[in-house]
1. Any residue in the stretch 297-314 that is within 16 Å of residue 284 (Cβ to Cβ) sitting within a Cβ distance under 8 Å of a residue that is at pLDDT 95 or above and of a type in the set (Phe, Trp, Tyr)? List the pairs, counting only those 6 or more apart or interchain.
2. Would you point out which residue out of 235, 217, 213 is out of contact with any Pro (no Cβ under 7 Å at 6 or more places or on another chain) and outside any helix (DSSP H, G or I)?
3. So residue 217 ticks every box in (1) open to solvent by 70 Å² or more (accessible area, probe 1.4 Å); (2) among the charged types (D, E, K, R); (3) under 24 Å from residue 299 (Cα atoms) but one. Which box is left unticked?
4. In contact with a His (Cβ under 9 Å, 6 or more places away or on another chain) and at pLDDT 90 or above: which single residue out of 145, 137 fits that description?
5. Tell me whether the stretch 172-180 contains one or more residues that are in contact with a Phe, Trp or Tyr (Cβ under 9 Å, 6 or more places away or on another chain) and not basic (Lys, Arg).
6. From 222, 269, grab the single residue that is in contact (Cβ under 8 Å) with a residue 60 or more places away in the chain and part of a helix (DSSP H, G or I).
7. Enumerate the pairs (first residue in the stretch 72-84 and hydrophobic (A, V, I, L, M, F, W, C); second residue anywhere and open to solvent by 20 Å² or more (accessible area, probe 1.4 Å)) with beta-carbon separation below 6 Å, excluding pairs fewer than 6 apart on the same chain, so at least 6 apart or on different chains.
8. Look at residue 91 and say whether it is farther than 26 Å from residue 261 by Cα, open to solvent by 20 Å² or more (accessible area, probe 1.4 Å), among the aliphatic types (A, V, I, L, M) and in contact with an Asp or Glu (Cβ under 9 Å, 6 or more places away or on another chain).
Amino acid sequence: DGTPPPPPPPPPVALVAGAGEDLPKAGPLSAEGAVGSTAGGADYSAAELDMLALLLTMVKVLFVQGRLAPLPALINALEPARAGRKLHLTLVRNEHAYYCCVAQLLPSLVATLPLLELPTEQAAGTVHVIGDSHCLPYGWRVIEPLGQKVLLRPVLVTGLKAWHLRPQSDFFPKANFWHAAASLPHGARAVALFGEIDCREALLICVERKRYESVEEGAAAVIDVYVSALLELAERRKLAKLWVHAVPPVLNETRRVVRLFNRILRQKVLAASGASSPLVWLEGMEETMLDGAGDEAGLNPELKLDGTHMHPRCAGLLEAALLRSGWEPMASS
């Protein structure tokens, strides 16, 4: 009858090459490159590395903005240019690390959102998780406290130390923090997740350089800055709730510092909380991120991902912590 045949159905969402739920730290999508790889970025010119950095950053930006559908194809296209090269030894190491993190988070999102479309219409509301790269595992997951579907939105502030937030600082991550904070709707509910970089990069060095007599003294100084900034954030954005997340105890090398930091952070957040304050400590979050209660406790094995970040199973732990920490049903829109 001359009627053209119907167009073929769209292809299924591509799987992310090499990405699985429990990749080893030195696996093909880890920040350290492929197992057994000896090639660095030396076979790329500076201009080629710059172009690669832009493409790797595109993956990060698309994820943070919730533009998930293009990511599988983009990641699969980038893999031949990335795999087998130790890009963590080049100037694009940070861009590469974010790329690897997103690539490893994506498969479980594909499993729950096959078309990678955000379930905004089905969700009763949004909780905004503002943090360093540790906010990414929460990105675009759906939790169901008290039976309501709630979307977790990542609000990334790359490379922020809590110490950057002190009033006299003019370092660019501080400006980025306040720029990101401006995206929080007035009256929103949010989770703050910072401090891991302070524990990993700064506190021990400051003690070695005699800026503080002890790690505890240094942590207390940093946390005073952090809590003050969070109170200012809550006031500026008129937040309904601002839950404070314990620093994830992911790295073996810094876990003792992280646990000390979290103990002091909890004390100072509780002291700043009250009937008129939206600041709330996420009760039990640190305990469930660990595999025990003693000094030698390690990371909960269910949360292992890439040796640096938590597996997105952490969203279930966050849901339980919210219920322990003053969660109330969201009003129907």
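1. From residues that are within 16 Å of residue 284 (Cβ to Cβ), the pairs are 314/138.
2. Numbers: 235 fails: outside any helix (DSSP H, G or I); 217 fails: outside any helix (DSSP H, G or I).
Result: 213 is the single residue among 235, 217, 213 that is out of contact with any Pro (no Cβ under 7 Å at 6 or more places or on another chain) and outside any helix (DSSP H, G or I).
3. It fails just one condition, (3).
4. On the way: 145 fails: in contact with a His (Cβ under 9 Å, 6 or more places away or on another chain).
So the residue among 145, 137 that is in contact with a His (Cβ under 9 Å, 6 or more places away or on another chain) and at pLDDT 90 or above is 137.
5. Residues of the stretch 172-180 that are in contact with a Phe, Trp or Tyr (Cβ under 9 Å, 6 or more places away or on another chain), as a first pass: 177.
Subsequent filtering for residues that are not basic (Lys, Arg) retains 177.
Looking through the stretch 172-180, at least one residue is in contact with a Phe, Trp or Tyr (Cβ under 9 Å, 6 or more places away or on another chain) and not basic (Lys, Arg).
6. Details: 269 fails: in contact (Cβ under 8 Å) with a residue 60 or more places away in the chain.
Only one candidate qualifies: 222.
7. Here the result reads 73/14; 78/55; 83/28; 83/34, each pair linking the stretch 72-84 to a residue that is open to solvent by 20 Å² or more (accessible area, probe 1.4 Å).
8. Numbers: farther than 26 Å from residue 261 by Cα: yes; open to solvent by 20 Å² or more (accessible area, probe 1.4 Å): yes; among the aliphatic types (A, V, I, L, M): yes; in contact with an Asp or Glu (Cβ under 9 Å, 6 or more places away or on another chain): yes.
Here the answer is yes, as residue 91 does meet what is asked.
The values are calculated or read from the model by the stated rules, or taken from the named source; none is laboratory data. All values derive from a computational prediction rather than experimental measurement. With ideal geometry, Cβ positions are generated from the backbone for all residues, glycine too; neighbour counts draw on all protein chains shown. SASA here: full protein model, heavy atoms, side chains in, ligands and nucleic acids out. Shrake-Rupley method; radii C 1.70, N 1.55, O 1.52, S 1.80 Å.
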